[in-house]
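One structure is given here, and the rest of the page talks about it.
Taken together, the values in this text are just the output of simple stated rules run on the coordinates, not laboratory data. Computed from a prediction, not measured in an experiment: that's the story for all the values here. Here Cβ is always computed from backbone atoms with ideal geometry, including for glycine, and neighbour counts include all displayed protein chains.
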Amino acid sequence: MKLVIASRNQHKVTEIKAMLGKIAGLEIVSLDGYTAPEVSEDQETFQGNAAKKALETARYINETVLADDSGLMVDALHGAPGVYSARYAGAGATSRQLCEKLLRELINVPAARRTACFATVLVLADPQKILYTAEGRCAGLITEELRGNNGFGYDPVFYFPPLKKTFAELSPEEKNKHSHRRRALENLLIQLKPEFSG
Ligand code: ITT
């Protein structure tokens, strides 16, 4: 089965390919080589945006696709930036700009109240309909400064207590073992299992 990852974010594509790449019977390809219009992410939930990205892209390119909508929810900010994670510091903001904006918003918030959670919703769709939906979450704390050079987005300020490091201090393999995206993919694979041997 061929699966096109309906994402313009190369970091996500790399992570998903690394995690799904070895499954027998699944050929994972990126959107490179397809002309597909950018889907406007105007829904209020990760689920809504992931479903929209998946179905619109599947219909346009006439392939089975996997879409990923993700974000960071910070408790002290009542769940922000949430579905606005990519645009929190304006269109086209860098990882550093996103992280610095978040740290400014949390400037007087003590360590105990800096709890946060990454979420990923994956939607698998063919041109006719949504086939499967899966979610994964990962809990952590927001640091007081940027730490580490790996990963992308908010990884430099997302401290993962079980490994005592930020996601940006983890190797790609370590992040892919524990991340919200990994957990969402595992939940998707549980549903897909009868269709694949690996
Ligand atoms: P596509 O919609 O094309 O997939 P995008 O980057 O716009 O790409 P989202 O709408 O899901 O994707 O935006 C999620 C943002 O949340 C993303 O741009 C990052 O800033 C952040 N984010 C998502 N997953 C992350 C992760 O694993 N580590 C760090 N930040 C992440």
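Once the C-beta distance of Q191 and K17 is scaled by a Förster radius of 25 Å, the resulting FRET efficiency is 0.80 to the nearest 0.05.
Pulled fully out, how much extra length does the chain show between K177 and Y84, if you take 0.36 nm times their separation in residues and subtract their Cα-Cα distance? Walk me through the intermediate numbers first.
Working: separation 93, 0.36 × 93 = 33.48 nm, distance 2.54 nm.
The span from K177 to Y84 would gain 30.9 nm if fully extended.
Taking a straight Cα-Cα cut-off under 18 Å and skipping sequence neighbours fewer than 8 places away in the same chain, the lysines within cross-link reach of K129 are K2, K52, K53. Report note on the peptides 47-57, 25-35: ranked by the mean count of other C-beta atoms within 10 Å, highest first, their order is 47-57, 25-35.
Ellipticity at 222 nm from helices only: DSSP H runs of n ≥ 4 in the chain, each -39500 (n - 2.57), divided by the residue count, give -9000 deg cm²/dmol. Relative to the 2.2 N^0.38 Å rule of thumb, the stretch 2-192 has a C-alpha radius of gyration ratio of 1.01.
The simple spin-label model puts a point 7 Å past each Cα toward its Cβ; for V29 and Q10 those points are separated by 1.9 nm.
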